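The values are calculated or read from the model by the stated rules, or taken from the named source; none is laboratory data. Just so it is clear, the model here is predicted, and its values are computed rather than measured. Methodologically, a virtual Cβ is constructed for each residue, glycine included, from the backbone with ideal geometry; neighbour enumeration extends over all protein chains shown.
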Amino acid sequence: MPRSSTTSSPRGRRAPSSWPPRYLTPVPAADVRRGDGEGVAEFIETLCTVTRDTFAGPSGSPLTLRPWQHKLLGHVFARRADGRRRHRVALVGEPRKNGKSGLAAGIALEGLFECQGAEVYSCAGDKEQARIVFGDARRMVENAPDLASACKVYRDAIEVVGTGSVYRCLSAEAFTKEGLSPTRVVFDELHVQPNDELFNVMALAAGARIDPLLFAITTAGVKSDSTGKDSVCYRLFQYGQRLVAGEETDPSLFLAWWGAPDTADHRDPAVWAAANPAFGDLIDPEDFEAAVKRTPEAEFRTKRLNQWVNTAAAWLPAGAWDACAGSGPVPDGAEVCLGFDGSFNGDSTALVVVSCPSGGGELPHVDVVEAWERPSTAGNDWTVPIVDVEAAIRGACRRWNVREIVCDPYRWGRTYQVLEDEGLPVVEFPQSPARMIPATTRFFEAVMNRSLTHSGDPRLARHLANCVVRTDSRGSRLSKDAKASPRKIDLAVSAVMALERACTEPERPPEPQFFSWADL
């Protein structure tokens, strides 16, 4: 992301402009203006201090927020036209050492004075981690006479005696947290939560409060938690990406995420500056120069560039898919193959189109026709809308010259029979090793050789990023085994099947043979 303007740092350096972050959910400017962001910023700058000697300044000096932090607070604390707070959950992602703990401590302390009987909690993966933000807040109270006179400080709690408000730090043993009624919760390093229990308990516990806020500030990490499922942090990040892309609408969740693209060269100082909003200001560039030489690449990308890593071997190398981006959809009337991977409730259902390569040197082009995924608000009884799926397939056949509708016959036999009876070209493609190994290889080679293009659909990119491969003596193939890839990969599977058939010469009907009696 280009950084054109600059702001002065306290040590005389010129730091790059750091707003907007790489991913930012939309917030109307009017909601920002009527919100509480400037009030929160004024509280922090008036009463909070730097708590330890750092590159930003000496301990005890006033905590001066940067312009990008002012903007962040304005967005986090925005209010709707009816006066209610716009967001109930805010996920803020920053690489290490960008001032997360100090900002989080200031937000927690401000929440302590928000109302009578406020309950504020610092949460983390373990109690020692939770005490980092709480410890900063306690030292801020001790350093500010106005705060010290209003608060009573304990080992793990801060109490405002006059209002009955209390601030405590909690660890991840979620079963001990029932009965709380938080007004504000600060999660530090949400990515290290061993499961989603504490997050769910705190989110549900705030139901009786007016305008509660769960503020999570974190770096990236591994995508899975201790149960093997997506971590709560990664789920929120992916959901926020869908909000940013306009795939879903949910103003109750706010996402601001600083970080580098997957394709970025992790050794490039320009990438360091773009990914870190406080680079050259709160962060010493010389530390990056030393760290990149002695830190494993995956660790550097995670902690210094805020990029997610896989716990299993990723299928496509970082940046390979982005490098194949083309422009626009598949032209109407083009000869294509449709790839369909269907489910009923647990997975997503996907319909992908791939143009058939022509003799003129045109590359196959990949695009998403439609995808049906369980909405985040749906209950356990949600099922794929079969009628809508069948209508989408018929619509695709009217739009393009469809050579084949390539599909796995599992569980969707009735739909395939209906479409066949209507004369549509349904071709079964069982996802067996014999079929998927060569198809997976073809797709991988096409991406690596840039012998295909795609429209840049974020849903397909997300499913491809979730892919891992199962390798055995027969070869490598995508796996839908939950142990191998618990995240959705159905669009990727559909694209693999469709490309395989689009690049395979169709079988020609047999030519009639005529014989005379003399030839016999």
Subset of segment 442-461 [in contact (Cβ under 8 Å) with a residue 60 or more places away in the chain, among the polar types (S, T, N, Q) and out of contact with any Cys (no Cβ under 9 Å at 6 or more places or on another chain)]: 455
Name every residue in segment 170-199 that is over 27 Å from residue 96 (Cβ atoms) and free of Cβ contacts under 8 Å to residues at least 60 places away in the same chain, in order of residue number. 175, 176, 177, 178, 179
Segment 75-95 - residue that is among the charged types (D, E, K, R) and touching a residue at least 24 places away in the same chain (Cβ under 8 Å) and, of those, farthest from residue 23 (Cα to Cα): 84
If you scan segment 136-149, which residues turn out to be surrounded by 14 or more Cβ atoms within 10 Å (Cβ to Cβ), part of a helix (DSSP H, G or I) and in contact (Cβ under 8 Å) with a residue 40 or more places away in the chain? 136, 139, 140, 143, 147
Which one is nearest to residue 122 (Cα to Cα) among residues in segment 200-231 that are in contact (Cβ under 8 Å) with a residue 12 or more places away in the chain and in a helix (DSSP H, G or I)? 202
Any idea how many residues of segment 385-433 are over 13 Å from residue 497 (Cβ atoms), among the aromatic types (Phe, Trp, Tyr) and in contact with a Pro (Cβ under 9 Å, 6 or more places away or on another chain)? 2
Out of segment 63-83, which residues are part of a loop (DSSP other than H, G, I, E, B) and out of contact with any helix residue (DSSP H, G or I) (no Cβ under 9 Å at 6 or more places or on another chain)? 66, 82, 83
Answer from 474, 442 - the residue that is out of contact with any strand residue (DSSP E or B) (no Cβ under 7 Å at 6 or more places or on another chain), at pLDDT 90 or above and over 30 Å from residue 237 (Cβ atoms): 442
Which residues, taken from segment 108-136, are among the aliphatic types (A, V, I, L, M) and modelled with pLDDT of 95 or more? 108, 109, 112, 118, 120
Going through segment 391-414 one residue at a time, which ones are more than 13 Å from residue 336 (Cα to Cα) and either aliphatic (A, V, I, L, M) or over 30 Å from the mean Cα position of the chain (by Cα) (or both)? 391, 392, 394, 395, 409, 410, 411, 412, 413, 414
Selected residue [part of a helix (DSSP H, G or I), closer than 24 Å to residue 103 by Cα and in the same structural domain as residue 108 (by TED's automatic domain parsing)] from 167, 234: 234
Hey, does segment 368-387 have a residue that's among the aromatic types (Phe, Trp, Tyr), touching a strand residue (DSSP E or B) at 6+ places or on another chain (Cβ under 7 Å), in the same structural domain as residue 431 (by TED's automatic domain parsing) and modelled with pLDDT of 95 or more? no
Those residues of segment 291-325 which are at pLDDT below 80 and aliphatic (A, V, I, L, M), in sequence order: 298, 309, 312, 313, 314, 318
Could you please let me know if residue 132 is part of a strand (DSSP E or B), over 16 Å from residue 40 (Cβ atoms), under 35 Å from the mean Cα position of the chain (by Cα) and free of Cβ contacts under 8 Å to residues at least 60 places away in the same chain? no
Within segment 89-125, can you find the residues that are within 20 Å of residue 307 (Cα to Cα) and assigned to a helix (DSSP H, G or I)? 100, 101
Hey, which of the helices (runs of 4 or more DSSP H) in segment 249-311, taking only ones fully inside, have at least 3 residues that are crowded, with 20+ Cβ neighbours inside 10 Å? 269-275, 297-305
Go through segment 445-461 and count every residue that is crowded, with 18+ Cβ neighbours inside 10 Å and either aliphatic (A, V, I, L, M) or at pLDDT below 90 (or both). 5
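Results for (1) surrounded by fewer than 18 Cβ atoms within 10 Å (Cβ to Cβ); (2) more than 21 Å from the chain's Cα centre (by Cα), shown as yes or no for each residue.
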{"residue": "160", "(1), (2)": "no, yes"}
{"residue": "167", "(1), (2)": "no, yes"}
{"residue": "178", "(1), (2)": "yes, yes"}
{"residue": "195", "(1), (2)": "yes, no"}
{"residue": "202", "(1), (2)": "no, yes"}
{"residue": "216", "(1), (2)": "no, no"}
{"residue": "231", "(1), (2)": "no, no"}
Given the condition among the aromatic types (Phe, Trp, Tyr), at pLDDT 90 or above and more than 29 Å from residue 84 (Cβ to Cβ), answer yes or no: does some residue in segment 276-290 qualify? yes
